[in-house]
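Here is the structure we will look at, set down as structure tokens.
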Amino acid sequence: MLQSMTGFGSAEVCSKFGYFLIEIQSLNSRFCDIVVKFPSELSMFELRLRKLIEKKLIRGRISFFLKWTKPDDFQLPHINKTLAKIYSDRLKMLKTELKLTGAIDVQTLVRFDGVMYTEDIKIQDGKVWADLEKGINKALNGVSLMRMKEGRSEERRVGKECRSRWSPYH
């Protein structure tokens, strides 16, 4: 059976790690040329992703896009209490030495570098990949299905063309 090199597949994955939109496009090429565009936080999965695509699609210029919408609680604010205390003590000392007025409050302290910061929750490699792999396989199946449909269509067209050219009444 003839199989086209052109195809498209997409999938959506919702998990505790967020919402993932996966799109895969395939165009004609003699080789397997894969272009990957996804968030840098997920770069640890690139090699696995490439192997999965190569295994399933074998040839073509393949573009892989992944959009990640993180859950609201993914970046949790942290407070460095030790640093806040140091700043508070220094400000009180400065206030006394220079005979300054005004209160030293929380709003003042959190403006200082390092007192309040956000840090991404650690990506749990195996769990995130398991969720992503399901979506990637679904998108790859979509590409394969489209390639087969286009291949059948092309096969019918070529067959019809051959029969009309070589028919005894032509």
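The values are calculated or read from the model by the stated rules, or taken from the named source; none is laboratory data. Small disclaimer: the values here were computed from a predicted structure and weren't measured. Every residue, glycine as well, gets a Cβ built from its backbone with ideal geometry; the counts of neighbours run over all protein chains shown. Only protein heavy atoms, including side chains, enter the accessible area calculation; ligands, DNA and RNA are left aside. Shrake-Rupley method; radii C 1.70, N 1.55, O 1.52, S 1.80 Å.
Is it true that some residue in segment 100-114 is touching a Ser or Thr at 6+ places or on another chain (Cβ under 8 Å), surrounded by 13 or more Cβ atoms within 10 Å (Cβ to Cβ), part of a loop (DSSP other than H, G, I, E, B) and among the β-branched types (Val, Ile, Thr)?
yes
Checking Lys51 against (1) in contact with a Leu (Cβ under 9 Å, 6 or more places away or on another chain); (2) closer than 14 Å to Glu133 by Cα; (3) exposed (fewer than 13 other Cβ atoms within 10 Å of the Cβ), which test does it fail?
(1)
For (1) open to solvent by 50 Å² or more (accessible area, probe 1.4 Å); (2) touching a strand residue (DSSP E or B) at 6+ places or on another chain (Cβ under 7 Å); (3) more than 17 Å from Leu140 (Cβ to Cβ), each residue gets a yes or a no:
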residue: Gln3; (1), (2), (3): yes, no, no
residue: Cys14; (1), (2), (3): yes, no, yes
residue: Phe17; (1), (2), (3): no, no, yes
residue: Ser26; (1), (2), (3): no, yes, no
residue: Ser29; (1), (2), (3): no, yes, no
residue: Ile34; (1), (2), (3): no, yes, no
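Determine whether Ser63 is open to solvent by less than 60 Å² (accessible area, probe 1.4 Å), within 30 Å of Ser15 (Cα to Cα) and either of a type in the set (S, T, N, Q) or not in a loop (DSSP other than H, G, I, E, B) (or both).
Considered against the rule, which asks whether it is open to solvent by less than 60 Å² (accessible area, probe 1.4 Å), within 30 Å of Ser15 (Cα to Cα) and either of a type in the set (S, T, N, Q) or not in a loop (DSSP other than H, G, I, E, B) (or both), Ser63 comes out as yes.
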